[in-house]
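Worksheet: the structure to be examined is printed underneath.
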Amino acid sequence: MIHPHPKLDLIHSKKHILPLPLALIIAILIIILTHAVAEAADTTRSTMQGKISLERISPPGRDGFGYRLIYHVPAPIEIFWRFKTDFENEVLTTNQEIIEHRVVSFSDNNVVTDNRYATWPNLRFLWQTTVDWNQYRLAFKQLNVKDSLQDYHYGTIQLSPAGDHTKVTQIAFFNFVGASLWVKYPWYGGMKTTLTSLARWEQKTALRYKREIMVTAIKNP
């Protein structure tokens, strides 16, 4: 038993016990405090995962559009980094926004992938991603911009530790015919719904990915 006051230690040393009402009050206070701390932690996690920040920004020195997307996923950075750099992971096609995904080529730091998206199902997007393994950073650019009616499309994804979560900051710049409508369109298929849907999917998938890794670690210590 831990006594919060020296006098209680003295009473205990003389083999006295606390009066029942006081002992009961202390027990109740401990239970209330424990639940309050747990609820506060759950609320913090829920708020962290629930908030997705999407801000429109302008490309440096050229015409076009851009965004800064910030969200948190419920997995430590080491685990989520494994997920983000697993370019051959078939789970990517479980995202309703991604129709097709395949790796074209890869080296230690550069990966080229070929994707098709629900928003533009008839177009293919060829991406080159440069991996900075030390900084938890991905830099991407579209290689076949003319084939998909784009002028340019490039950006970065930066992961940062946030306790038992990972903060994701994605910045991208682009321009194409109809881009001004896409960034403003408030319903399904517009920039906001597309990007927030991707973020929500990553939050759920990261949690499942973390659990799978933990189960594997237990089975294969």
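Give the residues of the stretch 185-221 that are hydrophobic (A, V, I, L, M, F, W, C) and more than 17 Å from the chain's Cα centre (by Cα), sorted by residue number. Passing the criteria: TRP187, MET191, MET214, VAL215, ALA217, ILE218. From the list ARG68, ARG102, ARG62, ARG56, the one residue that fits, being of a type in the set (Lys, Arg), modelled with pLDDT of 90 or more and either surrounded by 16 or more Cβ atoms within 10 Å (Cβ to Cβ) or more than 30 Å from SER180 (Cβ to Cβ) (or both), is ARG102. In this structure, SER197 does not qualify as of a type in the set (S, T, N, Q) and more than 18 Å from LEU54 (Cβ to Cβ).
Residues are listed down the side, and each one gets a yes or a no for (1) under 21 Å from the mean Cα position of the chain (by Cα); (2) modelled with pLDDT of 95 or more:
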{"residue": "TRP133", "(1), (2)": "yes, yes"}
{"residue": "ARG137", "(1), (2)": "yes, yes"}
{"residue": "GLN150", "(1), (2)": "no, no"}
{"residue": "ASP164", "(1), (2)": "yes, no"}
{"residue": "LYS167", "(1), (2)": "yes, yes"}
{"residue": "VAL183", "(1), (2)": "no, yes"}
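Please verify whether the stretch 170-180 includes one or more residues that are more than 29 Å from SER107 (Cβ to Cβ) and in a helix (DSSP H, G or I). Looking for residues that are more than 29 Å from SER107 (Cβ to Cβ) and in a helix (DSSP H, G or I), one finds at least one in the stretch 170-180, hence yes.
Report yes if some residue within the stretch 82-97 is part of a strand (DSSP E or B), of a type in the set (Val, Ile, Thr) and surrounded by 14 or more Cβ atoms within 10 Å (Cβ to Cβ); otherwise report no.
Step one: list which residues in the stretch 82-97 are part of a strand (DSSP E or B), which gives none.
Checked the stretch 82-97: no residue is part of a strand (DSSP E or B), of a type in the set (Val, Ile, Thr) and surrounded by 14 or more Cβ atoms within 10 Å (Cβ to Cβ).
Within the stretch 67-81, residues that are assigned to a loop (DSSP other than H, G, I, E, B) sit with their Cβ atoms under 8 Å from residues that are hydroxyl-bearing (Ser, Thr, Tyr) and at pLDDT below 95, at 6+ positions apart or across chains, in these pairs: ALA75/TYR209.
The values are calculated or read from the model by the stated rules, or taken from the named source; none is laboratory data. The shown structure was predicted, so the numbers you read here are calculated from the model rather than taken from an experiment. Using ideal geometry, Cβ is built from the backbone for each residue, glycine included, and neighbour counts are taken over all protein chains shown.
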